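Visitor: Once you've had a glance at the structure underneath, I'll fire off some questions.
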Amino acid sequence: MDSKKRMMFILEEDYYFVTIKIISILIALECNIKPFEDYRRLGIIFEFIKDNNNFLFFQKLIKNEKLDIFDNEKAVKIFCDSNLDVAVIKRILFFLEKQNIVGLQKSVKNGSIDVILLHSDQLEKLAYDGILKEDIEKCSMLKRAIPRLRILKLDTLQTKIFGYSEVTRWDD
């Protein structure tokens, strides 16, 4: 039975794994100072920091390098996976809000849910003990590659990363 459970386990769907990545994103983007606008964009960022291959692919996308057919398929997969991740991320954000780690607030100007990181000694300990160091560094690189990452609209972020390909048209 244990081997069957191990075979069915998918790391990207593990709540602990996703929670660590989300907290890393919020720390790297300094969401304790200003809120992260529209939590749905966390899915895109999560997809690029969860895996080194995806992170390297992000760098290729940002540099506007010529993509072959396999790269196009990978971009579509990342885009679709990021949309699927939003439901899990939303559940995690509600849990983190109940634990007083994040605050969720409805934005009046664009009707989205914004996330603010609340002060917590536990989070500071995690961030400075090195547990989140690699993820925070990846997020910082994403932040340098895409200025205003914390406040961009979802459509704008998708366009900056995926370009004007078919991927962005599917979201409509």
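Every number in this text was worked out from the coordinates using simple rules, so none of it is lab data. This one's a predicted model, so the numbers in the text were calculated from it and none came from an experiment. Backbone-built Cβ (ideal geometry, glycine too); neighbour counts: all protein chains shown.
Visitor: Return the subset of LYS77/LYS98; LYS77/LYS133; LYS50/LYS77; LYS34/LYS125; LYS34/LYS98; LYS77/LYS153 for which the Cα-Cα distance in this structure is over 23 Å, preserving the input order.
Guide: On the way: LYS77/LYS98 32 Å; LYS77/LYS133 27 Å; LYS50/LYS77 14 Å; LYS34/LYS125 21 Å; LYS34/LYS98 20 Å; LYS77/LYS153 21 Å.
Flagged as over cut-off: LYS77/LYS98; LYS77/LYS133.
Visitor: Once you place label points 7 Å from the Cα toward the Cβ at PHE55 and LEU84, how far apart are they in nm?
Guide: For the pair PHE55/LEU84, the computed spacing is 2.3 nm.
Visitor: With each label point set 7 Å from Cα along the Cα-Cβ vector, what nm distance links LYS160 and GLU137?
Guide: 2.3 nm
Visitor: Short version: ³J(HN,Hα) in whole Hz for each residue of the stretch 119-129, in order, from phi by Karplus 6.51 cos²θ - 1.76 cosθ + 1.60 (θ = phi - 60°), x for Gly and Pro, what are they?
Guide: With coefficients 6.51, -1.76 and 1.60, one gets 5, 8, 5, 4, 5, 4, 5, 4, 5, 8, 7 Hz.
Visitor: By per-residue mean of other Cβ atoms within 10 Å, what is the highest-first order of 46-53, 121-128? Could you put the intermediate results ahead of the total?
Guide: Values: 46-53: 18.4, 121-128: 12.9.
So the peptides 46-53, 121-128, ranked by packing, come out 46-53, 121-128.
Visitor: Now, a different point. Between ASN32 and GLN122, what is the spin-label point distance in nm, taking each point 7 Å from the Cα along the Cα→C-beta axis?
Guide: For ASN32 paired with GLN122, the spin-label model returns 1.5 nm.
Visitor: Okay, next question. Kindly write out, for the stretch 72-81 in residue order, the coupling ³J(HN,Hα) from the Karplus curve 6.51 cos²θ - 1.76 cosθ + 1.60 (θ = phi - 60°), rounded to whole Hz, with x marking Gly and Pro.
Guide: 4, 5, 5, 4, 5, 4, 5, 4, 5, 4
Visitor: Tell me which of VAL76, GLN59, VAL115 sits at the most positive position along the dipole axis of the stretch 45-140, charges placed on C-beta atoms (Lys, Arg +1; Asp, Glu -1).
Guide: Toward the positive end, the furthest listed residue is VAL115.
Visitor: Still on this structure, please answer the following. Compute the Cα gyration tensor for the stretch 10-170, then decide on rounded, prolate or oblate, letting a ≥ b ≥ c be the square roots of its eigenvalues: rounded whenever a/c is under 1.5, prolate when a/b is larger than b/c in the other cases, and oblate in all that remain. Mind showing how you got there, number by number?
Guide: Working: a/c = 1.74, a/b = 1.45, b/c = 1.20.
Prolate shape, in that a/c is at least 1.5 and a/b is the bigger ratio.
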